[in-house]
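Q: Below you will find the structure I want to go over with you.
The values are calculated or read from the model by the stated rules, or taken from the named source; none is laboratory data. Every value quoted in this text rests on a predicted model; they were computed, and no experiment measured them. Cβ sites come from the backbone with ideal geometry, for glycine too, and all protein chains shown count toward neighbours.
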Amino acid sequence: MFAEPLELTLDVVPRARFDMLDLRGRLSLEDRHALEPFPNCVCWSSHTTAGFLDRSVTSRLGPNEGIAAYVDAFRTIFPEGAPYEHDQLDRRTELNAAQRRVEPRNGDSHLAFIAAGLKTCVAYSNRPDQPLCFVDLDGVHAGRARRRRTRIIGYHQEEPVARLRIEVPISPHPVDSVNLKDPRLGIYEQLSDLVARHGVCKGRVRLALNETEHHAGLTVNEYETLLMRHDLLEVLRDPLRFAVEKARHAIADPRAVPAKTLDYAKYDLVHIVNRLVDRLGLRESLVERLLSRTLGVPAARFLRMKRSVSLLVSDGEDGNRAGLVEGTYQSTILVQWHRAPRPTRLVDATLTRFV
């Protein structure tokens, strides 16, 4: 008989705007010992600019230096201070005057999170000698560190409990994004009912694009209108747009010669990446190969978006009824960069239980 899954809640404070923190190293000695017997764990973040890379990616990237070089390349593509619609706070109708004064201008962090394939909920093998790397892209605002809430759940096995096929309405536009949390779609209600019906207390819901779906991806992020309907769609149409905007100084009139502008942006990016690779001794590594493909610019490769995401299920710290665990601003988002052949796209949901 397996021991009950162990859930730990951990608040961490980043040291810089971009930071990588080992969650395991920040647990108390007692909690580290309690986590050790479990062969598997899930890490969860309540945020939309701080999360985790899939274990397949972290294992290939190697130590923290490789992860930093990989993420840094996307931070270069989405530089801080570029003209993101998301950061035009006077246009953010959901914010009041007081909120506009303190809202971070972090469109770059959201886009880098999505493009680099960062996730809010990731399963790892639980190896006590290996770090659990939490990547923060927006850890300091206005000179003050932000408090980041995370959870770690240790478990022995993961059992499939139920499956559900969901049809997501999609517009005829070739480039589009859909908020699966939109109450008008009723998708989250279906998922919540599935969890309640099967009585899962600790587990996750895995949402995956059906194998028949192409030119689309899933992410969990903030579904803010300007970010999703303007900035992200612009990236899908022109992946290096914001790098180009920051590189305007390279030529006298970049808008007059867009092809040349793109070349300059690529040139700048290549040199930045090469310096990273040389400094870290990563030549011929996954980082270099991946980024060389990224510079080919098709959205399917540029956006390291995944075909699946996971939503944590827990009964919480207060013992309330189990349900989907989400951060305040988190939404599951379906993004497409080519017109779908049908008016809907298929997403397969799998509910699993941790034991």
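Q: Of the conditions (1) of a type outside the set (Ser, Thr, Tyr); (2) farther than 27 Å from residue 307 by Cα; (3) modelled with pLDDT under 95, residue 130 satisfies every one except a single condition; which number is it?
A: Unmet for residue 130, out of (1) of a type outside the set (Ser, Thr, Tyr); (2) farther than 27 Å from residue 307 by Cα; (3) modelled with pLDDT under 95: (2).
Q: For the stretch 24-81, name all the residues that are among the hydrophobic types (A, V, I, L, M, F, W, C) and more than 24 Å from residue 110 (Cα to Cα). Break it down into steps so the answer makes sense when it comes.
A: Pass one, the stretch 24-81, residues among the hydrophobic types (A, V, I, L, M, F, W, C): 27, 29, 34-35, 38, 41-44, 50, 52-53, 57, 61, 67-69, 71, 73-74, 77-78.
Those that are among the hydrophobic types (A, V, I, L, M, F, W, C) and more than 24 Å from residue 110 (Cα to Cα): 27, 29, 34, 35, 38, 41.
Q: Name the residue that is nearest to the chain's Cα centre (by Cα), counting only residues in the stretch 331-351 that are buried (at least 22 other Cβ atoms within 10 Å of the Cβ) and polar (S, T, N, Q).
A: Going through the qualifying residues, I end up with 332.
Q: Only one of these conditions is not met by residue 128: (1) touching a Pro at 6+ places or on another chain (Cβ under 6 Å); (2) assigned to a loop (DSSP other than H, G, I, E, B). Which number is it?
A: The single condition residue 128 does not satisfy is (1).
Q: So for the stretch 31-46 (the condition being among the β-branched types (Val, Ile, Thr), closer than 30 Å to residue 241 by Cβ and not in a loop (DSSP other than H, G, I, E, B)), does at least one residue qualify?
A: Restricting attention to the stretch 31-46, the residues satisfying the condition of being among the β-branched types (Val, Ile, Thr) are 42.
Okay, now just the ones that are also closer than 30 Å to residue 241 by Cβ, so none.
So far as the stretch 31-46 goes, no, none of its residues is among the β-branched types (Val, Ile, Thr), closer than 30 Å to residue 241 by Cβ and not in a loop (DSSP other than H, G, I, E, B).
Q: How many residues, within the stretch 316-339, are modelled with pLDDT of 95 or more and either part of a strand (DSSP E or B) or aliphatic (A, V, I, L, M) (or both)?
A: Going through the stretch 316-339 one residue at a time, the tally reaches 7.
Q: Across the stretch 47-76, what is the number of residues that are at pLDDT below 90 and in a loop (DSSP other than H, G, I, E, B)?
A: The total comes to 2.
Q: Another question about this same structure. Go over the candidates 196, 247 one by one and state the one that is crowded, with 16+ Cβ neighbours inside 10 Å and either among the hydrophobic types (A, V, I, L, M, F, W, C) or at pLDDT 95 or above (or both).
A: Details: 196 fails: crowded, with 16+ Cβ neighbours inside 10 Å.
Going through 196, 247 in turn, the sole match is 247.
Q: Residue check: is residue 14 part of a loop (DSSP other than H, G, I, E, B), at negative phi and modelled with pLDDT under 95? It would help to see each step written out before you state the result.
A: Working: part of a loop (DSSP other than H, G, I, E, B): yes; at negative phi: yes; modelled with pLDDT under 95: no.
No, not satisfied.
Q: I want to confirm something. Restricting to the stretch 139-156 and keeping residues that are surrounded by 13 or more Cβ atoms within 10 Å (Cβ to Cβ) and out of contact with any Cys (no Cβ under 8 Å at 6 or more places or on another chain), which single residue is farthest from residue 112 (Cα to Cα)? Break it down into steps so the answer makes sense when it comes.
A: Filtering the stretch 139-156 for residues surrounded by 13 or more Cβ atoms within 10 Å (Cβ to Cβ) gives 139-141, 145-146, 148-156.
Filter once more, so that each one left must be out of contact with any Cys (no Cβ under 8 Å at 6 or more places or on another chain): 139-141, 145-146, 148-149, 156.
On the way: 139: 14, 140: 16, 141: 17, 145: 19, 146: 18, 148: 18, 149: 20, 156: 33 Å.
Within the stretch 139-156, the match that is farthest from residue 112 (Cα to Cα) is 156.
Q: In the stretch 199-222, which residues are crowded, with 22+ Cβ neighbours inside 10 Å and of a type in the set (Ser, Thr, Tyr)?
A: 219
Q: So how many residues does the stretch 162-186 have that are touching a strand residue (DSSP E or B) at 6+ places or on another chain (Cβ under 6 Å) and exposed (fewer than 11 other Cβ atoms within 10 Å of the Cβ)? Step through it out loud before you land on a result.
A: Narrowing the stretch 162-186 to residues touching a strand residue (DSSP E or B) at 6+ places or on another chain (Cβ under 6 Å): 162-170, 176-181.
Of the ones still in play, those that are also exposed (fewer than 11 other Cβ atoms within 10 Å of the Cβ) are 165.
Total meeting the criteria: 1.
Q: Only one of these is within 28 Å of residue 331 (Cβ to Cβ) and modelled with pLDDT of 95 or more: 36, 7, 30. Name it.
A: Numbers: 36 fails: within 28 Å of residue 331 (Cβ to Cβ); 30 fails: within 28 Å of residue 331 (Cβ to Cβ).
Of 36, 7, 30, the one residue that is within 28 Å of residue 331 (Cβ to Cβ) and modelled with pLDDT of 95 or more is 7.
Q: Next question, about the same structure. With respect to residue 29, is the statement that it is under 22 Å from the mean Cα position of the chain (by Cα) and either exposed (fewer than 13 other Cβ atoms within 10 Å of the Cβ) or closer than 30 Å to residue 200 by Cα (or both) true?
A: Working: under 22 Å from the mean Cα position of the chain (by Cα): no; either exposed (fewer than 13 other Cβ atoms within 10 Å of the Cβ) or closer than 30 Å to residue 200 by Cα (or both): yes.
No: the conditions fail for residue 29.
Q: Hey, another quick one. From the set of residues in the stretch 77-109 that are crowded, with 20+ Cβ neighbours inside 10 Å and assigned to a helix (DSSP H, G or I), which is nearest to the chain's Cα centre (by Cα)?
A: 109
Q: Another question, then. Can you name the condition, by its number, that residue 57 falls short on among (1) in contact with a strand residue (DSSP E or B) (Cβ under 8 Å, 6 or more places away or on another chain); (2) closer than 13 Å to residue 133 by Cβ; (3) in contact (Cβ under 8 Å) with a residue 24 or more places away in the chain?
A: (1)
Q: For the stretch 135-176, what are the residues that are in contact (Cβ under 8 Å) with a residue 24 or more places away in the chain, assigned to a loop (DSSP other than H, G, I, E, B) and within 30 Å of residue 64 (Cβ to Cβ)?
A: Those that are in contact (Cβ under 8 Å) with a residue 24 or more places away in the chain, assigned to a loop (DSSP other than H, G, I, E, B) and within 30 Å of residue 64 (Cβ to Cβ): 137, 138, 139, 142, 146, 147, 156, 157.
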